[in-house]
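Values in this text are rule-based calculations from the coordinates and carry no lab data. Please read all numbers here as calculations on a predicted model, not as lab measurements. Cβ coordinates were reconstructed from backbone atoms using ideal geometry, including for glycine residues, and neighbour counts include every protein chain displayed.
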């Protein structure tokens, strides 16, 4: 079963996740400035605010011109204590970010916003995953960044490609760190659309990495 929807994101990782869950996403970029609303207080509110702006922008652009009822947007932030680490502008910024993350735990928050155009409803949810970094050497950081794994990623790293080189373990949803909460999507479609979404294909591709990052070592 292929379920059509709109993905309000240019992220190839989010598109891949949706495809592996059985969706058939059409991609439209929001082209917004990724800045949260000034009244947001918590980190969750901030990331939801940005995802909401993405969804609303694409909904406005495509109003009346698309057949798909659902528009999905997401945003991911990396939080080290009270500091938000965005996407590095260059390698020097990426080196600084990874040095700060080295040997520390941090939180990855991914917001999911879904607009149902037919039902005229909005669904919003933020999920947290705790990521524990290995202690990294300067040489290790430069070697990792030499693989160009950082250019479009918050915190200057990606979990799915060579993440085991820098990550010790995680607590929570692996795909949340990748950029889209699979548990949120599965729960949403079961609750609001009575559709059972299978993650079998995703797990066959990423299961070995997920097992490596299990904090209990199993």
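Observations
- The gain in end-to-end length when the residue 24 to residue 99 segment is fully stretched comes to 23.1 nm, 0.36 nm per residue minus the alpha carbon separation.
- If the segment from residue 35 to residue 123 were pulled out straight at 0.36 nm per residue, it would be longer than the present Cα-Cα gap by 29.7 nm.
- Its relative contact order, with pairs defined as Cα atoms under 8 Å and 6+ residues apart, puts segment 109-215 at 28 percent.
- Choice from 22, 179, 155 showing the highest fluctuation, given a GNM over the chain with Cα pairs closer than 10 Å: 22
- Rounded to 10°, Cα long-axis angle of helix 91-101 versus longest principal axis of the chain: 80
- Largest GNM mean-square fluctuation among 186, 50, 72, using the chain with Cα springs under 10 Å: 186.
- With Cα atoms, 0 to 90° folded angle of helix 43-61 axis to the chain main axis: 40
- Each Cα pair under 8 Å and six or more residues apart adds its separation to the average, and for the chain the resulting relative contact order is 20 percent.
- Segment 1-63 versus segment 66-84: alpha-carbon centroid distance in Å: 6
- Protection proxy ranking, peptides 75-83, 199-207, 8-16, average beta carbon neighbours within 10 Å, highest first: 8-16, 75-83, 199-207
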